[in-house]
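The values are calculated or read from the model by the stated rules, or taken from the named source; none is laboratory data. Since the model is a prediction, treat every value here as computed from it, not as a measurement. Here Cβ is always computed from backbone atoms with ideal geometry, including for glycine, and neighbour counts include all displayed protein chains.
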Amino acid sequence: MTGRLPFDDRSVNLAYKRVYSSSTRSSRQEPHWPSLIRQVRSRLGVTQAAFAEVFGVKQASVSRWESGRDSPSPKQRQKLMELWRVADAPRLRQQLKARLVYAPNPISIVGRGAQFLEFSHSFGKEAGVATGQLKGGRIYGHFGDIVDRTTEVWERSGIFKGDIAFTLTVLTLTDVAGQIIYLKNFDTPYQFEDEIVSVCEVKRIDGSEYDQHIRAYGAPVFSLSYDELPK
C-alpha cells in the first residue's frame, strides 16, 4: 500500500521543528508522576495521609508530589509503579477491551515502536486497510515514506514517555481500491503494566477538514503536554 499525503515536505519539517526545538520535551522514559500518583491513590481509595504511611513520608510530601512541586525518589517510584499495577491493571485491561467493542469511533491500540497491538472490528474498514496484515507489525513500512516520517514525529512527541496528554494527527492514505481517504487520529496514552500504550481513535474526514487542521496547527501532528492542558 502506498501512502499519499497532500502536504509538502515543508509541512512535515514544521512538525519536526516543533518537536525537536521545544525545550519542554523530556528525554526521560518516565510517566507524568503528579497525575499518576493521583490516579493510583484514587484507585486505592485512600487519603493523602494514608498513602503517605505506605511510603514512610509525611502527608505534605504526597501533596507536593501531586502538585508537581516535588518528585518521589527512585525507590519510591518503583514502589509507586508496583501499586499502580496492582490497583489499575485489571480495571485498565477491562476498559481497553470494552473500548475495542463499544467505542463510537474505530480504534487501534499501538505500543512503543509504533507497533499495532489490537484493533476494533471497524478499524480496518474506516482506515481502508486489511488489519490481518498489520496486527503485531509496525506502522512503518506499510504506508509510504511520508507516513513513516509523520509517524516518527508522532513518536517523538513524547506520547510513549508519559510527557504528552494527547496527540491529534491527520493523514491521507490510498486504500486497497486505490481511493484516497483522509483520516484524523486522536491518540491518548495509558500506562499499562510495564509500558505505555496509545489508544488511537480514527475518524474518516474530508479534504476541507484536513486543510483546516493544517491551517490551525501548522503541521499534521499536534500534541499537548499535561502542563499545557487547559486549567
Being at pLDDT 80 or above and of a type in the set (Lys, Arg) is the filter; apply it to region 56-111 and report the residue that is farthest from Val202 (Cα to Cα). Lys58
Hand me the list of helices (runs of 4 or more DSSP H) wholly inside region 119-231 holding 3 or more residues that are touching a residue at least 12 places away in the same chain (Cβ under 8 Å) and closer than 28 Å to Ser35 by Cβ. 145-154
Exclusive hit being within 30 Å of His121 (Cα to Cα), in contact with a strand residue (DSSP E or B) (Cβ under 7 Å, 6 or more places away or on another chain) and of a type outside the set (Lys, Arg), set Leu96, Leu36: Leu96
Among Ile37, Ile109, the single one that is in contact with a helix residue (DSSP H, G or I) (Cβ under 8 Å, 6 or more places away or on another chain), buried (at least 16 other Cβ atoms within 10 Å of the Cβ) and closer than 22 Å to Thr167 by Cβ is Ile109
Can you name the condition, by its number, that Gly144 falls short on among (1) at positive phi; (2) modelled with pLDDT of 85 or more? (2)
Which count do you get for residues in region 155-177 that are surrounded by fewer than 21 Cβ atoms within 10 Å (Cβ to Cβ), of a type in the set (Ser, Thr, Tyr) and either out of contact with any Ser or Thr (no Cβ under 9 Å at 6 or more places or on another chain) or modelled with pLDDT of 80 or more (or both)? 1
